[in-house]
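Participant: For reference, the structure I am asking about is given below.
The values are calculated or read from the model by the stated rules, or taken from the named source; none is laboratory data. Please read all numbers here as calculations on a predicted model, not as lab measurements. Here the Cβ positions follow ideal geometry from the backbone for every residue, glycine too, while neighbour counts run over all protein chains shown.
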Amino acid sequence: MLPPSVALLGLLLSAASPSPTPNASAVLHAQCRTHAADPRNPWALAHGMDLDGKAFRTRDGRPATDAIVAGFLRRDAADAGRPARLSFDAFAPDGTPVEPHPALQVKTFLLAGHPLSHAFPAAWGPVTLRELVASLQQDFRPALATSPEGAWALDALSHVLKPGGSFQNGAGETVRIDAVMDAALGTLEAANAQLAAGMKAGRPQVPKNKQGIYAHPCGGFHFFQAVTGWARFPSVRKAWGARLDAQVDVLVYRLGSEGRQYEAALVAAPAFRVPVLVQMVKFYGHWLEALGRYRDETGWKPTPAQARAVEEARAALERATLRLEATGAFRDTAALAVKEPQLALDLVGDACHAARGWDLWAGAGHRAK
C-alpha cells in the first residue's frame, strides 16, 4: 500500500488542471491584433492602427498603412489645373468596408504619428500624407461640422491646422477651422441636450432611442474626440471654457445612464446576450478611449469623482469582456463572420478601441487632482 503522501501526490497529478482565468486585457489585445491584421480588410487594419499606431502590420508582414494605400487608394484624373483627387471608396465591390466614414483612413494615418512628408506606396507610385490631406481639404464641406459623419474629417483637419488656420476647398470656399470647430461644438451640445437635461434633473438614466448623440456612429464618441481634441490649444480652452467642461460632465453621466440599460437588456433579452455584450464592450471601450485622449491631448485632470468613474468604467469593461469571452464569440469570430458579418466586424473593431481605452488608463496617469 502506498504511503498517504504518495497517494495524494498521484491524485493531484492525475487530476485535470483547472482552466486559467482569462485576462480581459489579453483577450481584447489578442482579438484586435489577430483579426484586424487581415490585409484584405482596410477598415480592420485602421482599427489595428488605432491600438498600435504606425507599428501595426498585416499578417503578411507589411505596414498596415502600406497595405491600405497600395490596395485601396483611388486616383481620379486631374482637371482644370488641379492635382488628381485621391480617395478611398466607402466599400470594396465585395462589401468589405474601406472607408465607410469620410476621412477615416487619413485621420488614422495622422493620429498614428506619420508626418505629412511620409510617402506610401500607391499602385501608381509614392503618395505622401500631405497629398492625402490636400485631397481631404478639396472634398471637405463645412456641413460636415454639423453631420454625425463629420467626426473623422474634423479630427484629421484639427491635427493639421491651428487656430486661425484656413484652406480653400474644391468648391472655391474658404474654410476657416475656427468656425468649423465652433460649429462642431454646437453640434455636440445639441446632440447631448437630452442627456444634459437628465443629468441636471438628477435622473438615473436617459433612455437610448437612437436620438441625439445616439444617432451618431458609435454613440458619438468619435465626434466627442474630434471636438474636444481641438481644445489642446490654450486659446480654444479659454474660449470654450465651461461649455467644454459641460460636455465632459455629460460623458461621465452617460456611464451610469447607459450602463444600467445594458444590464437591464441582458436580463430582458437573454437570446440577444452576445450582441448586447458586444455593445457593452463598444461602449466602455470607446468611453475610456475618449476620456483618455482628452486627457493626453489637453492636459485635463479628472476630479476625484471623475477618477472614480474611470475606475468604474475599467471594471465594467473587464466584466463585459469576460462575459463575452465566456460565450465563445471571440474564439469563433471567423465562423460568426459567415452568419453575422456585421457582428463579427464589431467584435474586431470594438476590441481594438477597447484595448486602446484600457491601455490609456492602465498606468497611474488617471490620478485625480
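Participant: Return the pair list, or none, for Cβ contacts closer than 8 Å from residues in segment 94-123 that are within 14 Å of ALA70 (Cβ to Cβ) to residues that are surrounded by fewer than 14 Cβ atoms within 10 Å (Cβ to Cβ) and hydrophobic (A, V, I, L, M, F, W, C), at least 6 apart or on different chains.
Facilitator: Every condition considered, the pairs that remain are VAL98/ALA90; VAL98/PHE91.
Participant: Can I ask one more? Quick check: anything in segment 157-174 in contact with a Leu (Cβ under 8 Å, 6 or more places away or on another chain), β-branched (Val, Ile, Thr) and either closer than 30 Å to ARG62 by Cβ or surrounded by fewer than 18 Cβ atoms within 10 Å (Cβ to Cβ) (or both)? It would help to see each step written out before you state the result.
Facilitator: Looking only at segment 157-174, we keep the residues that are in contact with a Leu (Cβ under 8 Å, 6 or more places away or on another chain), and these are 157, 159-160, 167.
Then keep just the ones that are β-branched (Val, Ile, Thr); that gives 160.
Right, trim to either closer than 30 Å to ARG62 by Cβ or surrounded by fewer than 18 Cβ atoms within 10 Å (Cβ to Cβ) (or both) and you get 160.
Yes, segment 157-174 contains at least one residue that is in contact with a Leu (Cβ under 8 Å, 6 or more places away or on another chain), β-branched (Val, Ile, Thr) and either closer than 30 Å to ARG62 by Cβ or surrounded by fewer than 18 Cβ atoms within 10 Å (Cβ to Cβ) (or both).
Participant: Just checking, how many residues over segment 237-292 are aliphatic (A, V, I, L, M) and assigned to a loop (DSSP other than H, G, I, E, B)?
Facilitator: The number of residues fulfilling the criteria is 1.
Quick grid of which residues meet (1) surrounded by fewer than 19 Cβ atoms within 10 Å (Cβ to Cβ); (2) in the same structural domain as GLU340 (by TED's automatic domain parsing); (3) charged (D, E, K, R); (4) closer than 19 Å to LEU360 by Cα:
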{"position": "TRP240", "(1), (2), (3), (4)": "no, no, no, no"}
{"position": "ALA246", "(1), (2), (3), (4)": "yes, no, no, no"}
{"position": "VAL250", "(1), (2), (3), (4)": "no, no, no, no"}
{"position": "ARG260", "(1), (2), (3), (4)": "yes, no, yes, no"}
{"position": "ALA264", "(1), (2), (3), (4)": "yes, no, no, no"}
{"position": "LEU288", "(1), (2), (3), (4)": "no, yes, no, yes"}
{"position": "ALA307", "(1), (2), (3), (4)": "yes, yes, no, yes"}
{"position": "ALA313", "(1), (2), (3), (4)": "no, yes, no, yes"}
{"position": "GLU318", "(1), (2), (3), (4)": "yes, yes, yes, yes"}
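Participant: Further, regarding this structure: Are any residues in segment 333-361 crowded, with 18+ Cβ neighbours inside 10 Å, among the β-branched types (Val, Ile, Thr) and modelled with pLDDT under 95, and if so, which ones?
Facilitator: Scanning segment 333-361 gives a single hit, THR333.
Participant: Looking at ALA145, is it in contact with a Phe, Trp or Tyr (Cβ under 9 Å, 6 or more places away or on another chain), buried (at least 18 other Cβ atoms within 10 Å of the Cβ) and not in a strand (DSSP E or B)?
Facilitator: So ALA145 does not fit the description; no.
Residues are listed down the side, and each one gets a yes or a no for (1) outside any helix (DSSP H, G or I); (2) farther than 17 Å from LEU104 by Cα; (3) more than 17 Å from the chain's Cα centre (by Cα):
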site	(1), (2), (3)
GLN137	no, no, yes
GLU149	no, no, no
ALA153	no, no, no
GLN205	yes, yes, yes
LYS208	yes, yes, yes
GLY219	no, no, no
PHE223	no, no, no
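Participant: Given PHE283, PHE330, which one is within 19 Å of the chain's Cα centre (by Cα), closer than 18 Å to SER25 by Cα, surrounded by 19 or more Cβ atoms within 10 Å (Cβ to Cβ) and modelled with pLDDT under 95?
Facilitator: PHE330 is the lone residue from the list that is within 19 Å of the chain's Cα centre (by Cα), closer than 18 Å to SER25 by Cα, surrounded by 19 or more Cβ atoms within 10 Å (Cβ to Cβ) and modelled with pLDDT under 95.
Participant: Now for a different question. Whether any residue in segment 203-216 is in contact with a His (Cβ under 9 Å, 6 or more places away or on another chain) and either surrounded by fewer than 22 Cβ atoms within 10 Å (Cβ to Cβ) or of a type outside the set (Phe, Trp, Tyr) (or both) is what I want to check.
Facilitator: yes
Participant: How do the pairs read when you match residues in segment 18-38 that are under 17 Å from TRP358 (Cα atoms) with residues anywhere that are at pLDDT 95 or above and β-branched (Val, Ile, Thr), using Cβ under 8 Å and keeping only pairs 6 or more apart or on different chains?
Facilitator: ALA24/THR321; VAL27/THR321; LEU28/VAL281; LEU28/THR321; GLN31/VAL348; CYS32/VAL348
Participant: Let me confirm something: among GLY150, GLY170, GLY165, GLY220, which residue is at pLDDT below 95 and in contact with a helix residue (DSSP H, G or I) (Cβ under 6 Å, 6 or more places away or on another chain)?
Facilitator: GLY170
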